[in-house]
Amino acid sequence: MAVDGIPPLEAPRFVTADAAQDWINPRDDLIGVVVNGDARAYPIRIIAWHEMVNDTIGGIPVSLAYCTLCGSAIVYDDRIGDTVNDFGISGLLYRSNKLMYDRQTDTLWEQFSGRPAWGPLVDDGLRLTVVPSVATTWQEWVAAHPGTVVVDIDT
């Protein structure tokens, strides 16, 4: 597979919970994230097509990395020191888990641990900061966060 052969979802469009009612089902699985009061829902059926979402939530640049092989979704803060990283999909696996890469240094990063696996940053002792997220259903998420927005199905 080529680098970014599965295109990441860059700066996705969002719709309100009411606008999503035409296509989202109460039992649809999603990843929910709240940063600085900004509640966002990322349905699994959408992020599975992209495997990586680069977004800004509550003013914080983040990447949601989704591994279709192991079904894990982890949200990372893209900032390391003064650098804001931009992540893509390498097309490579490590122990059946996807390897992301940053477009600034071409370092490969383990999706599960958030640590560099190969490249210029591998010996720097870095680790991406996890942004708390929850795996839930649309029904549960929108009940807890009625002002949420959800990734538009038209990506």
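The values are calculated or read from the model by the stated rules, or taken from the named source; none is laboratory data. Note that the structure is a prediction, hence the values are computed from the model and not measured. Note that we place each Cβ from the backbone using ideal geometry, even for glycine, and neighbour counts take in every protein chain shown. What goes into the accessible areas is simple: the full protein's heavy atoms, side chains included, and nothing from ligands, DNA or RNA. Shrake-Rupley method; radii C 1.70, N 1.55, O 1.52, S 1.80 Å.
Listing for the model above:
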| item | result |
| --- | --- |
| With every protein chain in place, the chain: carbon and sulfur % of accessible area (1.4 Å) | 52 |
| Relative contact order (%) - the chain, alpha-carbon pairs under 8 angstrom, separation at least six | 31 |
| Computed E for Arg115/Ile44 - FRET, C-beta separation, R0 25 angstrom, nearest 0.05 | 0.50 |
| Residues of the chain: accessible area per residue with a 1.4 Å probe, Å² | 50 |
| Around Asp28: net Lys/Arg minus Asp/Glu count, Cβ-Cβ under 11 Å | 0 |
| Ellipticity estimate at 222 nm from DSSP helix runs (n ≥ 4, -39,500 (n - 2.57)) divided over the chain, nearest 500 | -2500 deg cm²/dmol |
| For peptides 121-130, 68-77, sequence by mean Cβ density within 10 Å, most packed first | 68-77, 121-130 |
| Sites matching trypsin sites (Lys or Arg not before Pro) across the range 1-101 that sit in DSSP coil, with at most 10 neighbouring C-beta atoms within 10 Å | Arg27, Arg95 |
| Distance (nanometres) between label positions extended 7 Å along Cα→Cβ at Ala11 and Gln104 | 1.8 |
| Contour excess over end-to-end distance, with Cα ends at Thr56 and Arg95 and 0.36 nm allotted per residue | 11.1 nm |
| Solvent exposure, largest accessible area first (probe 1.4 Å, DNA, RNA and ligands not counted), of Tyr66, Tyr94 | Tyr94, Tyr66 |
| Projected label distance in nm at Gln21 and Val3, using a 7 Å step from Cα toward the beta-carbon | 4.5 |
| Only Lys, Arg (+1) and Asp, Glu (-1) charged, at Cβ; the chain dipole about Cα centre in debye | 360 |
| Formal net charge of residues neighbouring Thr68 (Cβ-Cβ distance under 9 Å; K, R +1; D, E -1) | 0 |
| For the range 1-95, the spread of Cα positions along each principal axis, largest first, Å | 37, 31, 20 |
| Label zone at Val134, where the point sits 7 Å out along the Cα-to-Cβ direction: the range 14-34 residues whose backbone N lies under 20 Å | 15-18, 20-21, 24-34 |
